[in-house]
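Below is one structure, written out as structure tokens; the observations come after it.
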Ligand SMILES: *Cc1c(COP(=O)(O)O)cnc(C)c1O
């Protein structure tokens, strides 16, 4: 390779894949002790395939990202895991979603209908995690309307599956997960199970903030899934403002050149 192509370009983000792999392994094991499965969220590092591979070698089986382009890139790089879209889909991208994703978050009946039709036509199976809004005001069916929502989900019995329920916390308006709102979310799941006449496979309790709840023993037993980004990539939690014991925070380093250093009066 000619020399100038090998030159390091700044600013540069050095990623310590080994420490991310260790974080993944620790988180998968700790969550498993609580009956919780981890989706590894890759959007925080723009879905570098090397990082997705570090997640995978730490034992993560499902990668979650907020962009279909990111998911496509990881798939094309040969990271052979299952994928979840964790931002509710635009109508215009449902075909691509069905092609690329095994799971999606979703919270609109019209979108569910359109996706169900695409799944029937293409033969692809997509598993949907129905999002409830517990007060954060990001996406989701309003939690106080769980019964009406649940009734509207009963008709989806084809290739597209209603696989579970979930919620976001500490996002749009910063409502933190609490024993109370998580219990209410579990009740939304129970309402959906009653309407469908079968148990749901996924109760997704949130992101790294909800992992802190799990550590404190405040994640209700119904929950069996967390979508972790910050814990994996940085070993800390912004929602409650803490470093996470037992995880590495030494995962990335920014390198840059000083372009001017001078003392001025
Ligand atoms: C980004 C994101 C996550 C991950 O959140 P962290 O706090 O980084 O763990 C989880 N769920 C959804 C829907 C997200 O958009």
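Read-outs throughout are calculated quantities, based only on the coordinates presented, and are distinct from any laboratory measurement. This structure is a prediction, so every number in the text was calculated from the model and none was measured. Virtual Cβ from ideal backbone geometry, glycine too; neighbours counted across all protein chains shown.
Largest first and in whole Å, the equivalent-ellipsoid semi-axes of segment 136-265 read 39, 16, 14, each the square root of five times a Cα gyration tensor eigenvalue.
Separation of segment 148-174 from segment 6-33 is 31 Å, based on Cα centroids.
Seen against the Cα atoms of the chain and their longest principal axis, helix 109-122 is set at about 80 degrees.
State whether segment 7-56 is rounded, prolate or oblate according to the following rule on the C-alpha gyration tensor (a ≥ b ≥ c being the square roots of its eigenvalues): a/c under 1.5 gives rounded; otherwise a/b larger than b/c gives prolate, and the remaining case gives oblate.
Verdict is prolate for segment 7-56.
Is the chain rounded, prolate or oblate when judged by the Cα gyration tensor, a ≥ b ≥ c being the square roots of its eigenvalues, rounded requiring a/c under 1.5 and prolate requiring a/b larger than b/c? It is prolate, given that a/c is not under 1.5 and a/b is the larger ratio.
Were the residues from residue 263 through residue 242 laid out at 0.36 nm apart, the gain over their Cα-Cα distance would be 4.0 nm. With angles folded into 0 to 90 degrees, how steeply does helix 17-33 sit against the dominant principal axis of the chain? Use alpha carbons for both and round to 10. Roughly 30 degrees, rounded to the nearest 10. Between the helical axis of 179-196 and the longest alpha-carbon principal axis of the chain there is an angle of about 50 degrees. Computed extension gain for residue 198 through residue 32, at 0.36 nm per residue and net of the alpha carbon distance, reaches 57.4 nm.
Explain nothing, just the number: relative contact order of the chain, from Cα pairs under 8 Å at least 6 residues apart, as a whole percent. Taking the mean separation of contacting Cα pairs over the length of the chain, I get 20 percent. Put in order of Cβ neighbour count within 10 Å, fewest first, the listed residues 39, 142 become 142, 39. Each 5 Å bin from zero up to the one holding the largest Cα-Cα distance in segment 1-114 carries the following percent of pairs: 2, 11, 19, 18, 16, 13, 10, 6, 3, 1, 1, 0.
From its DSSP helices (H runs of at least four residues, each -39,500 (n - 2.57)), the chain gives a residue-normalised ellipticity at 222 nm of -11000 deg cm²/dmol. Estimated from the Cβ-Cβ distance and a Förster radius of 35 angstrom, the FRET efficiency linking residue 80 and residue 109 is about 0.60. For segment 151-265, averaging the sequence separation of C-alpha pairs within contact (under 8 Å, six or more residues apart) and dividing by the residue count gives a relative contact order of 22 percent.
Distance from the Cα centroid of segment 214-264 to that of segment 37-107 is 20 Å (rounded to whole angstrom). With all projection directions averaged, the alpha carbon convex hull of segment 213-265 covers 6.6 nm². For segment 116-206, the Kirkwood hydrodynamic radius comes to 13.5 Å, computed from all pairs of different C-alpha atoms.
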